[in-house]
1. Within the set of pairs 6 or more residues apart or between chains, which connect a residue that is acidic (Asp, Glu) inside the stretch 334-353 to a residue that is surrounded by fewer than 22 Cβ atoms within 10 Å (Cβ to Cβ) and at pLDDT 95 or above with Cβ atoms less than 7 Å apart?
2. Mind telling me which of the residues 488, 518, 458 ends up being exposed (fewer than 14 other Cβ atoms within 10 Å of the Cβ), at pLDDT 95 or above and among the aliphatic types (A, V, I, L, M)?
3. Return yes when residue 185 is under 26 Å from residue 249 (Cβ atoms), modelled with pLDDT of 95 or more, open to solvent by 40 Å² or more (accessible area, probe 1.4 Å) and out of contact with any His (no Cβ under 9 Å at 6 or more places or on another chain) and no when it is not.
4. Just a yes or no: is a residue in the stretch 428-451 assigned to a loop (DSSP other than H, G, I, E, B), open to solvent by 50 Å² or more (accessible area, probe 1.4 Å), in contact (Cβ under 8 Å) with a residue 12 or more places away in the chain and of a type in the set (Lys, Arg)?
5. Within the stretch 136-163, work out how many residues are part of a helix (DSSP H, G or I) and either of a type in the set (A, V, I, L, M) or modelled with pLDDT under 95 (or both).
6. Can we say residue 68 is open to solvent by 80 Å² or more (accessible area, probe 1.4 Å), at pLDDT 95 or above and either of a type in the set (A, V, I, L, M, F, W, C) or not in a helix (DSSP H, G or I) (or both)?
7. Only one of 336, 367, 384, 356 is in contact with a Leu (Cβ under 9 Å, 6 or more places away or on another chain) and under 13 Å from residue 114 (Cβ atoms); which?
8. From the list 185, 165, 218, 233, which one is touching a strand residue (DSSP E or B) at 6+ places or on another chain (Cβ under 6 Å), of a type in the set (Asp, Glu) and on the phi < 0 side of the Ramachandran plot?
Amino acid sequence: MQFTAQISISLAAMAIWVVAGSTAMPHCSLDDEDCRDRLMHPEDLNTGPTLRVREGETSSEYWLNQGKDFVRTKLNTPLNTKKAKNVIMFLGDGMGLPTVAAARNLIGGEHAELSFEKFPHIGLAKTYSVDKIVPDSANTATAYLCGVKAIYGTIGVNGWVEREDCSTMLDERTHVTSIAQWAMDAGKSAGVVTTTRITHASPSGAYAHIAERDWEDDNEVIQSCGRDSGIEDIAHQLIHGQTGSKLKIMMGGGKRHFIDSSLYPAGQRTDGRNLVEEYKAQSGRNAYVETKDELSRLDFKQVDRVLGLFHDSHLEFHLQTNATSTQPTLEEMTRRTIEFLSQDENGYFVFIEGGRIDSAHHDNTPRMALDETVEFSKAIQVAREMTNEDDTLIVVTSDHSHAFSFGGYPYRGEDIFGKSPTVPNDRTPFMVLSYSNGPGQEKFYDAENDVRRDPTSLITGEPDDLFPATFPRDSETHGGEDVPVYALGPWSHLFTGVYEQNAIPHMMAYAMCVGSGLKACDTK
């Protein structure tokens, strides 16, 4: 971040300074409202802070003109009511508003904008499931792709199917289809791209019907329901299912779920099958790739479908890759996907997920999470540059948030991964970023002596640095607040307001004139 002015200021001090080496601020009694109010809004964060500002920010005119320019931009943004030939849905898994706000600091500062924050229309989606206030990526995928809210842990089925219900899910009347299928029924192409396993919860919402998100291969189904359950696992549904077998492009990780362990060392299937070979045998024009070089060399005019499996499990975090890495970035996958699907004159629907934002938050590793958010933003920028907003609707959202926050009154221009300038009652520094629960608790809390450890002595600047959490868990939990929805292109103004998450595919379908619901084409 570049600041063009630095102005030293003197902050008014309260009676007792709360600074390193000084006397700690006394506790306020519950009935001392004035004292408590001063603690809520402290003036004495340190003895000689430097106020860092961007050029012009200290003047009234700067902010007044900025506000006027915003209004002017809104007034000059016409409503686009054209039919959407194409719809690109981007899903930042676990990308709640705190993640978006914190990630701005990696691209220039809190005043900066991620690519999708420049979209003209923004709304909020309620993420709760049929049975839980705080959802997971399975039931939310059913909502934002199939238009129906469902039970936590289930995918592509309605609320009649409980998690791990081995019998009810076989009743096809409980199955719900996705907007990918709606698009294909209308003669368009469809695809799924992710940085997680292609059989993971979010991407499988486009093509699978399953009572348990973990049933990614036959072995996992057998463990829950027995060998003769009649249930087709998620990987099988991608290759042979009604929707999966017709998808034009499918890219991500998860190779282990497609191949028997006797045929591939990392394979986890037990049925003796190699679903990758079965996919290739379906047509000589079915392409299969495992590296970014193979993907880049593909001649799309010579192939009808593309399956890319770039890792046995999830793709590596971007910060874990180097010059020798063979996996493509999300930006590279997005570029090639649009190049391929744009060959269809009828248009397309594609689901593109930045899935490892979520993984990093579960691990209490915000450096990874925020970097994945920036990579996600890069992919969206590429999509915007490669398409025309006259005929392509781009929708960017998240499935859920996380129990992640940043606070402590940090100064402008300071490291978002640094400590807060405030000093808590126990006089041990605390970080700007933290989690309400997760694996970070045990590292930063000395249970034997009942004290917090100094986090500044434990956080080293490594990509996989754990950050503090309040309560111990092996994996941090999701958050239950609404998530943002950003939209650009035909009928993007529909996405404003506060609405149920399952309304999202209905709005996309309306703009694209697909599905069995309301269509823009029918109202003109």
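1. Sorted first by the residue in the stretch 334-353, then by its partner, the pairs are 339/300.
2. 518
3. Details: under 26 Å from residue 249 (Cβ atoms): yes; modelled with pLDDT of 95 or more: yes; open to solvent by 40 Å² or more (accessible area, probe 1.4 Å): yes; out of contact with any His (no Cβ under 9 Å at 6 or more places or on another chain): yes.
Considered against the rule, which asks whether it is under 26 Å from residue 249 (Cβ atoms), modelled with pLDDT of 95 or more, open to solvent by 40 Å² or more (accessible area, probe 1.4 Å) and out of contact with any His (no Cβ under 9 Å at 6 or more places or on another chain), residue 185 comes out as yes.
4. Taking the stretch 428-451 as the starting set, the residues that turn out to be assigned to a loop (DSSP other than H, G, I, E, B) are 428-430, 432, 439, 447-450.
Right, trim to open to solvent by 50 Å² or more (accessible area, probe 1.4 Å) and you get 430, 447-450.
From the residues that got through so far, the ones that are in contact (Cβ under 8 Å) with a residue 12 or more places away in the chain too are 430.
Among the residues that remain, those that are also of a type in the set (Lys, Arg) are: none.
No, because not a single residue in the stretch 428-451 is assigned to a loop (DSSP other than H, G, I, E, B), open to solvent by 50 Å² or more (accessible area, probe 1.4 Å), in contact (Cβ under 8 Å) with a residue 12 or more places away in the chain and of a type in the set (Lys, Arg).
5. Final tally of qualifying residues: 4.
6. No.
7. 384
8. On the way: 185 fails: touching a strand residue (DSSP E or B) at 6+ places or on another chain (Cβ under 6 Å); 165 fails: touching a strand residue (DSSP E or B) at 6+ places or on another chain (Cβ under 6 Å); 233 fails: touching a strand residue (DSSP E or B) at 6+ places or on another chain (Cβ under 6 Å).
Within the list 185, 165, 218, 233, the selection yields 218.
The values are calculated or read from the model by the stated rules, or taken from the named source; none is laboratory data. Predicted, not measured: the structure shown is a model, and the values here were computed from it. Methodologically, a virtual Cβ is constructed for each residue, glycine included, from the backbone with ideal geometry; neighbour enumeration extends over all protein chains shown. Just the protein is used for accessible areas: all its heavy atoms, side chains included, with ligands, DNA and RNA removed. Shrake-Rupley method; radii C 1.70, N 1.55, O 1.52, S 1.80 Å.
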